[in-house]
Amino acid sequence: MTPEGSKWSNEALGAVRPYALVRGRVTPTRDLDRHTMLQASTDPPSAPLQPHHAQVLGACGRQGPRSVTEIAGRAGLPLHVTRILLSDLLDDSYLVDAMPVGFRHAESDPHILERVLAGLHQL
């Protein structure tokens, strides 16, 4: 049960469920892991956003790239719901992927992992 006055409660409507924000969708259109870096587009469309999309876009900030996890925390939304909303914003060109080319799968690249291990041994 959601307590009255919380951000998930609207006195007139009752508790707002996270799946209602994404219209019941359970799969994002993009493969966004927790570490994916995104930032606001420098040339966003002028179409108005739904409030929950605007909330997520606002959590992205203008200071530079932010991770999906950080955006979810700043927006105060569950991670999976945030991934779906971020996918929508990427699809509509409000956001851009800020990951450097070649770093998308760096966590499983043995060459990068060896270089990280070598750097740790030097410490």
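The values are calculated or read from the model by the stated rules, or taken from the named source; none is laboratory data. Quick caveat: nothing in here was measured; it's all calculated off a predicted structure. Ideal geometry is used to build each Cβ from the backbone, glycine not excepted, and the neighbour counts take in all protein chains shown. Only protein heavy atoms, including side chains, enter the accessible area calculation; ligands, DNA and RNA are left aside. Shrake-Rupley method; radii C 1.70, N 1.55, O 1.52, S 1.80 Å.
When 74, 83 are compared by accessible surface with a 1.4 Å probe, the order from highest to lowest is 74, 83. The candidates 53, 35, arranged from most to least accessible area with a 1.4 Å probe in the full protein assembly, appear as 35, 53.
Taking amide H as placed 1.01 Å from N in the peptide plane, the amide H of residue 37 sits under 5 Å from that of 98, 99, each at least 5 places away or on another chain. The calculated FRET efficiency for residue 47 paired with residue 80, based on their beta-carbon distance and R0 = 25 Å, is about 0.50. Measuring from a point 7 Å past the Cα of residue 30 along Cα-to-C-beta, which residues in segment 64-89 have an amide N at less than 14 Å? Once the point is set 7 Å along Cα→Cβ of residue 30, 65-72, 82-89 turn out to lie under 14 Å by backbone N, inside segment 64-89.
Heavy-atom accessible area with a 1.4 Å probe sorts 68, 26, 116, largest first, into 26, 116, 68.
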